[in-house]
1. Put the label 7 Å from Cα along Cα→Cβ for A:R17; what are its distances to the other copies, in nanometres, shortest first?
2. Once Lys and Arg get +1 and Asp and Glu get -1 on their Cβ, which of A:F155, A:A172, A:I185 lies farthest toward the positive end of the dipole of the range A:146-195?
3. Counting each DSSP H run of 4 or more residues in the protein assembly as shown as -39500 (n - 2.57), what helix-only mean residue ellipticity at 222 nm follows after dividing by all residues, to the nearest 500 deg cm²/dmol?
4. Taking 8 Å as the Cα distance limit and 6 or more residues as the minimum spacing, I'd like the relative contact order of the range B:1-68 as a percentage.
5. Leaving out same-chain residues fewer than 8 places away, which aspartates and glutamates sit with a Cα under 15 Å from that of B:K53?
6. So how far apart, in nm, are the two label points at A:E99 and A:R46 if each is 7 Å from Cα heading toward Cβ?
7. Taking only Cα atoms and a 10 Å spring cutoff, compute GNM fluctuations for chain A and point out the largest among A:D28, A:D19, A:D81.
8. Rounded to the nearest Å, what's the spacing between the alpha carbon centres of the range A:108-141 and the range B:141-165? Just the number, please.
There are 2 protein chains.
Amino acid sequence: MSENLYNHIAKFIPLVREDFAEIMLFFDSQSVKKKQNLVEEGNVCRANYFVEKGCLRMFFLDVDGTEQTIQFAIENWWMTDIEAFNKGKKAAFSIQAVENTEVLAITKYEMERMLGTYPLMESYFRQVYERAYAASLFRVKYIMRLSKEEIYDHFSGNFPEFVQRIPQKVLASFLGITPEYLSEIRKKRMTRKTK
Amino acid sequence: MSENLYNHIAKFIPLVREDFAEIMLFFDSQSVKKKQNLVEEGNVCRANYFVEKGCLRMFFLDVDGTEQTIQFAIENWWMTDIEAFNKGKKAAFSIQAVENTEVLAITKYEMERMLGTYPLMESYFRQVYERAYAASLFRVKYIMRLSKEEIYDHFSGNFPEFVQRIPQKVLASFLGITPEYLSEIRKKRMTRKTK
């Protein structure tokens, strides 16, 4: 039984323990080593993943082969290439573990069965995707509206522990800057704080 | 009765006419004149809107006061500032009619009542938001990966009628370029075609 998943679902819908025990049967636990890929761009996307512990990132390969990170998922977040997952299409994004990570994985087939058996879970996922959609709209707004330094400030202001936790190279890729430039911004911020 | 909404819902879930007639009672029809705002950045976001006829756009004001368009909704699309709608927060985006538009509007209160009465609609909205989320991920990928010209080609290749339909200034804002530059790209494409 995953306490994390139970608590997360229970935040959105009324859920009894007995039903949750049954719901858990649709999931598989997986351990993913740091830098291991769960989904690879161009391949099949086998599952939707709930992060129990650790951190995933979603990225795609740029025209010059650089990895562009567009999202992170830490504890209690879902991550998949939703279009590829739903339609059985080739993944347009890769998903990789940023650190050693524990996930609960559910295939499309099991997802359909679960939603058929526990329709209340439709409400849970409706709310999960509303939030994911809202977050991605904000992300577009920030990319277009803020400077790289402002995006860093916004991100480190809202998720300070997270910024400490992920490798600088990965954070730089997410912010769309070079690791060197990120290091400069951080130094500037540190100097400001100590003044 | 809205045939558009009925057909759209029926694509995702089994829905009988009698239930749909009841579901329609949760909605209000609204006519919006071209350039009229349905939602204004900084104000309350009163409803979620289904486009019956016409076209809406979502935008925010840039630091220098320029309108940045980040999404469109034509017939059979839903549009709202989902975060503001759900949480009763101030809207972070404005929503405006690009042409004279007919929408079906549903308030948060009526939405909750409808979902409580017809839980199957949870499945419809879960799928609507999965698609909206997927589209926004692709949008981030395109913004980061493609040049402005490639974004134009992708957009006009996939939605040719739409590109004809919306004002050049609005399309330019969506592509993140000046109307003059857009006009240059189009001329180049026209010359290519006639060669």
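The values are calculated or read from the model by the stated rules, or taken from the named source; none is laboratory data. Just so you know, these numbers come straight off a predicted model, no measurement behind them. Cβ: placed from backbone, ideal geometry, glycine included. Neighbour counts: every protein chain shown. Areas reflect the complete protein model, heavy atoms only, side chains present, ligands, DNA and RNA absent. Shrake-Rupley method; radii C 1.70, N 1.55, O 1.52, S 1.80 Å.
1. Those label-point separations list as 5.0 nm.
2. The Cα lying farthest towards the positive end belongs to A:I185.
3. Computed mean residue ellipticity for the protein assembly as shown: -16000 deg cm²/dmol.
4. 27 percent
5. List returned: B:E3, B:D28, B:E75, B:E99, B:E102, B:E161.
6. For the pair A:E99/A:R46, the computed spacing is 2.5 nm.
7. Its mean-square fluctuation being the largest, the pick is A:D19.
8. 28 Å
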